[in-house]
Each structure stands twice: as C-alpha cells, then as structure tokens.
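Down below is the structure, laid out as structure tokens.
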Amino acid sequence: MWKVLGSFSAVLTLAMLAAAVPANGQTLGDIATKEAARRQVAEKSDRPKVYTNDDLKPAPPPSSGTPAAPSAPATTGAAAQGSAAAKPSDSQAQGEKAPGEEKDETYWRTRMTQLREQLRRNELFRDSLQTRINSLSNDFAARDDPGQRAQLGADRQTAVAELARVTSEIDQINKKIADSEEEARQAGVPAGWLR
C-alpha cells in the first residue's frame, strides 16, 4: 500500500512541476506587453458613449382608444385593386392627410402629441449634455496632466457642439408647435384637440 501511495505522490509531484514550467517561461517583457494591451482595451471601454437623436428609437404613436379593425379576407382580381386604392399610404398612416381629406380630432391630437414628444426628448438630451459638459469642465480643472487635460478639453468641445445642435433642433420644434397651433386656430379647431 505504501508503494502505491508513494508512486501516486511522485506522479502528482511531477504533474505539478510540469504545469509550473511553462509559467516560468514568460519574461517580464511579455507580461508588460500584455498588461499594456489590456490597459488600452480598458481605456477604450471606459469612455462613455455619446448618444445622439439617431440612437433614440421613435416613440410609438399614441393609441386613439378605438380597437383595431379586424383584418379583411384576401381578395383577388379587380376587387384587390379596388381595395388597394382604398388603403391609405404610409405617409397618411403616420398622421399626414391627403389634400382635401378632413383633419379631425385624431389628426390634431396625434400631430401635437408627436411634436411635444420630440420636444421632450430633445430637452432631456440637452439637459444630459449640459450635465456632461459641467462634469468635463470640473475634471479638466482638477487635472494636472497635460495629456489628460487635452483629451478632456476635446471631449468638452464635442459636447458643446452637440449641445448647440440640439438647442437648434429644440428651437425648430418649438416653431413647428407654434405654427401648428396657429394653423389649428385658423382652421377653427377647438383648443381641447391640441392638448
């Protein structure tokens, strides 16, 4: 029995030594190169992502509270052509009405809701950009390293440019809202439809 245990411990010792030999094969230069590569990857992943309006998904149109109509059975021939002509186009389904078509309460509510939602999103984005600019300004003032200061300054300038673009979009949306309200007033639309 002692022979079996002795040979087992010898095999186990040899296996441990064989596993330790490749670890000693790394030089200090190899370790430093791997660490430098790991740090570069970590620096790139630590940078915060700057979100733009293109990154945001459009909000779904509000439901009008009426249930959807059941789908019609498939038709063929002339009946299919007639039903295709009766279907609204994609732009009409999004709230734009064809010339001569009546603009009802649903149209005005949908139009104003979409404009206000765009305004709300852009204002939220503007506020987050302003917070980022403030944070970058504080970080810039707290750094002594010229390389870090240069990077923070460049990031701040990018955020300032984006803030100017978003502010311009907010102004355009506010103008669209005012124009829509004036158009509704001239068309005699009740004020409740615009809320």
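Here, each number is a calculation from the coordinates, and none is a lab measurement. Please read all numbers here as calculations on a predicted model, not as lab measurements. Cβ coordinates were reconstructed from backbone atoms using ideal geometry, including for glycine residues, and neighbour counts include every protein chain displayed.
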When region 122-179 is examined, which residues are found to be over 19 Å from the mean Cα position of the chain (by Cα) and touching a residue at least 60 places away in the same chain (Cβ under 8 Å)?
K176, I177
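Residue by residue through region 155-193, note down the ones that are of a type outside the set (A, V, I, L, M, F, W, C) and not in a helix (DSSP H, G or I). Give the derivation first.
Residues of region 155-193 that are of a type outside the set (A, V, I, L, M, F, W, C), as a first pass: 155-158, 162, 165, 167-169, 171-172, 174-176, 179-183, 185-186, 188, 190, 192.
If the condition is that a residue be of a type outside the set (A, V, I, L, M, F, W, C) and not in a helix (DSSP H, G or I), then G188, P190 are the ones that fit.
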Look at T113 and say whether it is touching a residue at least 24 places away in the same chain (Cβ under 8 Å) and exposed (fewer than 15 other Cβ atoms within 10 Å of the Cβ).
no
Inside region 116-161, can you point out the residues that are among the small types (G, A, S) and crowded, with 17+ Cβ neighbours inside 10 Å?
A159
Scan region 124-148 residue by residue and report those that are in a helix (DSSP H, G or I) and among the acidic types (D, E).
D127, D139
